[in-house]
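Enquirer: There's a structure below that I have some questions on.
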């Protein structure tokens, strides 16, 4: 009997464990080098992009229920591979994202970049 | 005075809020359509891929400290844009990943795909 | 009666014209902004990557006839979108590639980078 | 003395040869498996996407001279890797693109898809 109802789905850790178990049960760790996983991840990212490629920006923000469901699955796939790579490389994803956000805070001071989306590398 | 020490960094929700605030403060929501964010996300995914493109699979699993730090930042960037898109589309990322994992469980029965990494679409 | 046998298939120009006509006949130019075409192109690049993601490097160089055919189609798709973007932006693709190769020649002097695949940005 | 003025820059073949020589001179063929080259290619595709990610579709069609030059170089990089992969797999790129265009002609009959950019897989 599955007891999934008792899994804490607000943390990444139980999901990380579930995905590690999923791969191990299938003997897929042999394929899951960071190199290969990065290729799988960008494949999922591209499927996300595909959903939006012929839409206007406004259309991309107001998806039909069916499209919304499909896009949700792509986002899920990206998160799944992201967690797998982080697991393989022993990276704490959420901590890394907080650290990067602090860095972005200093790189893009609000009063200097307000309303301006030029890429960081283009700033002098 | 910053109180970041008190932020719960085991959940995605505080990070989602922080990133929403980061964009709002910079008046960047005007650029953050799901379409545009998907382009930014795949750009970060590609930077991850770049780190691995000339490495063997084995090398990709044993990174130098410097490279590990750089890769961690790319993973962080991907998570950041993933959270932003999910936020814009009102998707619960972790729930979506659990749902997708259930689906994958039925699509790829362990006893049928063990040791075999062919893509789902190639199965008959 | 189609006279495709008389088309010169060693130049890009007849192909560029054919693709422009293909889009015009379908009233697809309205969708073919460089922005959108870049999204379509990366989608095709990702389909190429997908073919290789679980293969070893050696396997990727020795494809079955069926896989070789599928990969050829992905390469074709990439070229098609590449030509479309170049057309929209009035870029001479082959000239641009020669120019870039000259630049690469000076950026990566053979006697300095022999056997070393580190990325340009990592050179000091 | 370089005689580049005499190179035929309207065909892909001289460029293919030049790129093969470029890699051979640097002993880079050891890195240039189709798998690795596909990763390099998508990296260049992503750099193209990055140029457009915060632009509107209209802005992406009217680039400044500086941006146009940068985008041309990205297109060149994509073509360079595309030619390298095709060379490694012995694919005639232009022929493959003509073949694919014939296929697209039958998949997307003009009178059925006029003004409609839904992806092929979404058609019933």
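The values are calculated or read from the model by the stated rules, or taken from the named source; none is laboratory data. This structure is a prediction, so every number in the text was calculated from the model and none was measured. Note that we place each Cβ from the backbone using ideal geometry, even for glycine, and neighbour counts take in every protein chain shown.
Enquirer: Among the candidates C:107, C:118, C:114, which residue alone is at pLDDT below 95, facing another protein chain (nearest Cβ under 7 Å) and loosely packed, with under 15 Cβ neighbours inside 10 Å? Steps first, answer last, please.
Expert: Numbers: C:107 fails: facing another protein chain (nearest Cβ under 7 Å); C:118 fails: facing another protein chain (nearest Cβ under 7 Å).
The unique qualifying residue is C:114.
Enquirer: Could you check, for region B:6-15, whether at least one of its residues is more than 17 Å from residue A:42 (Cα to Cα), in contact (Cβ under 8 Å) with a residue 12 or more places away in the chain, buried (at least 16 other Cβ atoms within 10 Å of the Cβ) and more than 10 Å from chain D (Cβ to nearest Cβ)? Even if it seems obvious, please write down each step before you answer.
Expert: Keep residues of region B:6-15 that are more than 17 Å from residue A:42 (Cα to Cα), which gives B:6-15.
Keeping just the survivors that are in contact (Cβ under 8 Å) with a residue 12 or more places away in the chain gives B:12, B:15.
Pick out the ones that are also buried (at least 16 other Cβ atoms within 10 Å of the Cβ) and you get B:12, B:15.
So of that shortlist, the ones also more than 10 Å from chain D (Cβ to nearest Cβ) come out as B:12, B:15.
Yes, region B:6-15 contains at least one residue that is more than 17 Å from residue A:42 (Cα to Cα), in contact (Cβ under 8 Å) with a residue 12 or more places away in the chain, buried (at least 16 other Cβ atoms within 10 Å of the Cβ) and more than 10 Å from chain D (Cβ to nearest Cβ).
Enquirer: May I ask you to list the residues in region B:33-61 that are part of a loop (DSSP other than H, G, I, E, B), more than 9 Å from chain D (Cβ to nearest Cβ) and under 21 Å from the mean Cα position of the chain (by Cα)?
Expert: Passing the criteria: B:33, B:61.
Enquirer: Might you let me know whether region A:64-74 holds any residue that is at pLDDT 95 or above, over 15 Å from residue B:83 (Cα atoms) and not in a helix (DSSP H, G or I)?
Expert: Restricting attention to region A:64-74, the residues satisfying the condition of being at pLDDT 95 or above are A:64-74.
Then drop every residue that is not over 15 Å from residue B:83 (Cα atoms), which leaves A:64-70.
When the remaining residues are screened for being not in a helix (DSSP H, G or I), the result is A:64.
Checked against the condition, which is being at pLDDT 95 or above, over 15 Å from residue B:83 (Cα atoms) and not in a helix (DSSP H, G or I), region A:64-74 yields at least one hit.
Enquirer: Take the residues of region D:83-98 that are more than 7 Å from chain C (Cβ to nearest Cβ) and in a helix (DSSP H, G or I): which is nearest to residue C:76 (Cα to Cα)? Quick ask: steps written out before the conclusion?
Expert: Step one: of region D:83-98, the residues more than 7 Å from chain C (Cβ to nearest Cβ) are D:83-84, D:87, D:90, D:92.
Narrowing the set further to residues that are in a helix (DSSP H, G or I) leaves D:83-84, D:87.
Values: D:83: 11, D:84: 13, D:87: 13 Å.
Among them, the one singled out is D:83.
Enquirer: Go through A:32, A:51 for me and flag whichever is touching a helix residue (DSSP H, G or I) at 6+ places or on another chain (Cβ under 8 Å), within 26 Å of residue B:57 (Cβ to Cβ) and surrounded by 15 or more Cβ atoms within 10 Å (Cβ to Cβ).
Expert: Numbers: A:51 fails: within 26 Å of residue B:57 (Cβ to Cβ).
Testing whether each residue is touching a helix residue (DSSP H, G or I) at 6+ places or on another chain (Cβ under 8 Å), within 26 Å of residue B:57 (Cβ to Cβ) and surrounded by 15 or more Cβ atoms within 10 Å (Cβ to Cβ) leaves just A:32.
Enquirer: Of all residues in region D:20-32, count the ones that are assigned to a helix (DSSP H, G or I) and at the interface with another protein chain (Cβ under 7 Å from one of its Cβ atoms).
Expert: Quick first cut of region D:20-32, residues assigned to a helix (DSSP H, G or I) only: D:20-25.
Those left that are additionally at the interface with another protein chain (Cβ under 7 Å from one of its Cβ atoms): D:22, D:25.
Adding up the residues that qualify gives 2.
Enquirer: For residue C:80, only one of the following conditions fails: (1) over 23 Å from residue B:41 (Cβ atoms); (2) assigned to a helix (DSSP H, G or I); (3) without any contact (Cβ under 8 Å) to a residue 60 or more places away in the chain. What is its number?
Expert: (3)
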